[in-house]
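Here, each number is a calculation from the coordinates, and none is a lab measurement. Computed from a predicted structure; not experimentally measured. For neighbour counting, all protein chains shown are included, and Cβ atoms are generated from backbone atoms with ideal geometry for every residue, glycine included.
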Amino acid sequence: MFKLTRLLLGSIIALLNLLTRGSKLKRTKDAQEQVENEIIKLSIYQFKLCPFCIKTRRALHKLNLPISLLDAKNDSIARATLLEKGGKIKVPCLRVENDSEVTWMYESNDIINYLTQRFV
């Protein structure tokens, strides 16, 4: 019963997000290309109907950041990587590669604040 309720509420939240997410941040073509070159080293592990993941994806849309999304619920490789490298299966999780260092960020508010400060 709990799973069904969570699935139903997650679906409603996802639908409302699609209907109300608004427009993307506008950048010049060159600025957008620079952003897209920088986000190659970023990826987000997420569940499709998780409310915190929806919140994070909504921010990605508004910030015009086409970051790679990995389904940690249905993709066994992504799930195993999240557990092995990140240390826990908790979503959303932003994976940030910097030269030889990889950082795993788990809180939606922290992820959104980081992306906003870095790309706006």
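Calculated from the structure, Rg and Dmax of the Cα atoms in Å equals which of (i) 15.3, 48; (ii) 14.9, 50; (iii) 19.7, 64?
(ii)
For the chain, set up a Gaussian network in which alpha carbons nearer than 10 Å are linked by springs, and say which option among 83, 65, 49 fluctuates the most.
Maximum among the listed residues: 83.
Compute and list, largest first, the equivalent-ellipsoid semi-axes of segment 32-95 from the alpha carbon gyration tensor, each √(5λ) rounded to a whole angstrom.
Over the Cα atoms of segment 32-95, the semi-axes work out to 21, 14, 8 Å.
Pick from 72, 31, 59 the residue whose mean-square fluctuation is largest in a GNM of the chain, springs joining Cα atoms under 10 Å.
Largest GNM mean-square fluctuation: 31.
Computed FRET efficiency, Cβ-Cβ of residue 76 and residue 21, R0 30 Å: what is it to the nearest 0.05?
The computed FRET efficiency comes out at 0.50.
In whole Å, how far is the Cα centre of segment 45-61 from that of segment 8-40?
Using only Cα atoms to place each centre, the spacing works out to 10 Å.
Need the list of lysines near residue 41 for cross-linking: C-alpha distance under 29 angstrom, and skip anything on the same chain fewer than eight residues off.
24, 26, 29, 55, 62, 73, 85, 88, 90
If you keep only loop residues by DSSP, which trypsin sites (Lys or Arg not before Pro) in segment 7-69 have at most 10 other Cβ atoms within 10 Å of their Cβ?
Here the sparse-neighbourhood loop sites are 26.
With charges set only on the Cβ (+1 for Lys and Arg, -1 for Asp and Glu), what does the dipole of the chain come to about its Cα centre, in debye to the nearest 20?
Roughly 640 debye for the chain.
If I require 20 Å or longer along the helix axis, counting alpha carbons, and a Kyte-Doolittle average no lower than 0.5, what helices from the chain are left? Use full DSSP H segments.
2-20
I want to check the label-to-label distance for residue 12 and residue 38. Put each point 7 Å from Cα in the C-beta direction and report it in nm to one decimal.
Result: 3.8 nm between the two label points.
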